[in-house]
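I have placed the structure first, in the form of structure tokens, so that the comments after it can refer back to it.
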Amino acid sequence: MIIVESHVDIETPTGTMRTFVYKPAATGVWPGVVFFSEIYQVTGPIARTARLLAGHGYLVAVPEVYHEFEPLGSPFAYDTVGTDKGNRYKVEKEVSSFDSDARAVLDWLGAQDDCNGRFGCIGICLGGHLSFRCAMEPDVLAGACLYATDVHKGSLGKGMSDNSMSRIPQIKGELAMVWGRQDRHVPREGRRAIYDALADCGAHFGWYEFNARHAFVRDEGYRYNPPLSRIVEDIVLELFQRRLQLGEPIVADEETGKLIC
């Protein structure tokens with residue numbers, strides 16, 4: 001599918017946020033997807049993944065997660081300087097600002113004539129955590145979280161004391177949780193804590209672990225694993241197809257209140 005690319009500057013409570021938009025060129029209405037980047041903002045690998053999603057029939061919006069700190073349109077390099085900067089901003093930005101950014105993008109998507117009103121989210125690394133939190137918005141039907149950092153530690157944002165784990169009951173859509181078993185950022189005990197919290201709350205989720213290191217989906221760098229990336233793409237696209245394209249609902253069991261298909 002041929003796509004078109006543009007950007008829009010969205011006003012948020014903490015300033016103007018550049019958001020890159022990827023969508024099918026064909027006339028139609030499409031599900032809206034918020035795509036949260038790594039700590040490096042909208043780099044080449046992020047843009048290529050956004051194009052892949054748009055090419056499968058989605059209106060994809062990729063916000064700059066650190067718009068308060070950097071000039072608009074500022075990706076970081078995958079080097080020590082870029083890594084240090086991204087990690088510093090991650091704990092300087094208020095958690096509430098990450099949340100209000102997500103809400104602003106969802107509201108923008110909902111106002112577009114070519115959006116069908118079904119929303120999903122996806123994120124990678126830092127973005128995986130932001131997607132996890134975005135899935136707590138009541139109108140998000142599906143969320144993909146790729147090796148989401150800091151969820152198990154509760155260390156996102158200023159003060160390094162987020163409430164992501166305690167807010168899991170607010171997730172009413174379906175999640176796809178993707179991990180690398182050799183990812184030192186999210187060790188086995190951290191993954192187990194997240195799994196148990198989701199299961200205990202009756203969340204509707206798929207859980208996928210691969211023999212891979214952190215950033216194995218990023219198509220730059222020595223950790224990139226192309227075959228596993230293809231599998232992850234299929235996992236995400238299958239989830240979005242059911243929930244966003246076809247509108248498959250999630251309902252609660254009348255006796256237990258647990259979420260079921």
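The values are calculated or read from the model by the stated rules, or taken from the named source; none is laboratory data. Worth saying up front: this structure is predicted, and the values here are computed from it rather than measured. Quick reminder, even Gly has a Cβ in these numbers, built from the backbone with ideal geometry, and neighbours come from all protein chains shown.
So Ala215 ticks every box in (1) modelled with pLDDT of 95 or more; (2) among the small types (Gly, Ala, Ser); (3) surrounded by fewer than 17 Cβ atoms within 10 Å (Cβ to Cβ) but one. Which box is left unticked?
Ala215 satisfies all of (1) modelled with pLDDT of 95 or more; (2) among the small types (Gly, Ala, Ser); (3) surrounded by fewer than 17 Cβ atoms within 10 Å (Cβ to Cβ) except (3).
Scan segment 157-210 for residues that are acidic (Asp, Glu) and farther than 29 Å from Arg88 by Cα and jot them down. Spell out how you get there, then give the answer.
Going residue by residue through segment 157-210, those that are acidic (Asp, Glu) are 162, 174, 183, 189, 196, 200, 209.
Result: Glu174, Asp196, Asp200.
So is Ala148 surrounded by 17 or more Cβ atoms within 10 Å (Cβ to Cβ) and either among the aromatic types (Phe, Trp, Tyr) or under 16 Å from Pro31 (Cβ atoms) (or both) or not?
Values: surrounded by 17 or more Cβ atoms within 10 Å (Cβ to Cβ): yes; either among the aromatic types (Phe, Trp, Tyr) or under 16 Å from Pro31 (Cβ atoms) (or both): no.
So Ala148 does not fit the description; no.
I'd like to know if segment 184-192 contains one or more residues that are touching a Ser or Thr at 6+ places or on another chain (Cβ under 9 Å) and among the hydrophobic types (A, V, I, L, M, F, W, C). So that I can check it myself, show each step before the final result.
Quick first cut of segment 184-192, residues touching a Ser or Thr at 6+ places or on another chain (Cβ under 9 Å) only: 185-186.
Cutting the leftovers down to among the hydrophobic types (A, V, I, L, M, F, W, C) gives us 186.
Yes, some residue in segment 184-192 is touching a Ser or Thr at 6+ places or on another chain (Cβ under 9 Å) and among the hydrophobic types (A, V, I, L, M, F, W, C).
Quick one: which helices (runs of 4 or more DSSP H) sit completely within segment 1-110 and have at least 2 residues that are farther than 23 Å from Tyr224 by Cβ? Spell out the reasoning first.
Numbers: elements: 44-55, 80-90, 95-110.
Counting at least 2 such residues, we get 80-90, 95-110.
Could you check Arg103 against (1) more than 15 Å from the chain's Cα centre (by Cα); (2) of a type outside the set (Gly, Ala, Ser); (3) surrounded by fewer than 18 Cβ atoms within 10 Å (Cβ to Cβ) and say which number it fails?
(1)
Would you check which residues across segment 115-141 are assigned to a strand (DSSP E or B) and either under 8 Å from the mean Cα position of the chain (by Cα) or farther than 18 Å from Tyr22 by Cβ (or both) and list them?
Gly117, Cys121, Ile122, Gly123, Ile124, Val140, Leu141
Give the number of residues within segment 154-206 that are outside any loop (DSSP other than H, G, I, E, B), of a type outside the set (S, T, N, Q) and free of Cβ contacts under 8 Å to residues at least 60 places away in the same chain.
Within segment 154-206, residues that are outside any loop (DSSP other than H, G, I, E, B), of a type outside the set (S, T, N, Q) and free of Cβ contacts under 8 Å to residues at least 60 places away in the same chain number 23.
For segment 15-51, name all the residues that are crowded, with 17+ Cβ neighbours inside 10 Å, at negative phi and either polar (S, T, N, Q) or at pLDDT below 95 (or both).
Correct list: Thr19, Ser37, Thr43, Thr49.
I want to confirm something. Restricting to segment 207-218 and keeping residues that are in a loop (DSSP other than H, G, I, E, B) and under 17 Å from the mean Cα position of the chain (by Cα), which single residue is nearest to Leu237 (Cα to Cα)? If you could, list the steps in order and put the result at the bottom.
First, the residues of segment 207-218 that are in a loop (DSSP other than H, G, I, E, B): 211-218.
Checking the rest, the ones that are also under 17 Å from the mean Cα position of the chain (by Cα) come to 214-218.
Working: His214: 21, Ala215: 19, Phe216: 18, Val217: 15, Arg218: 17 Å.
Restricting to residues being in a loop (DSSP other than H, G, I, E, B) and under 17 Å from the mean Cα position of the chain (by Cα), the top hit is Val217.
Quick check on my filter: what residues within segment 67-94 are crowded, with 18+ Cβ neighbours inside 10 Å, hydrophobic (A, V, I, L, M, F, W, C) and in contact with an Asp or Glu (Cβ under 8 Å, 6 or more places away or on another chain)?
Once the filter is applied, which keeps residues that are crowded, with 18+ Cβ neighbours inside 10 Å, hydrophobic (A, V, I, L, M, F, W, C) and in contact with an Asp or Glu (Cβ under 8 Å, 6 or more places away or on another chain), segment 67-94 yields nothing.
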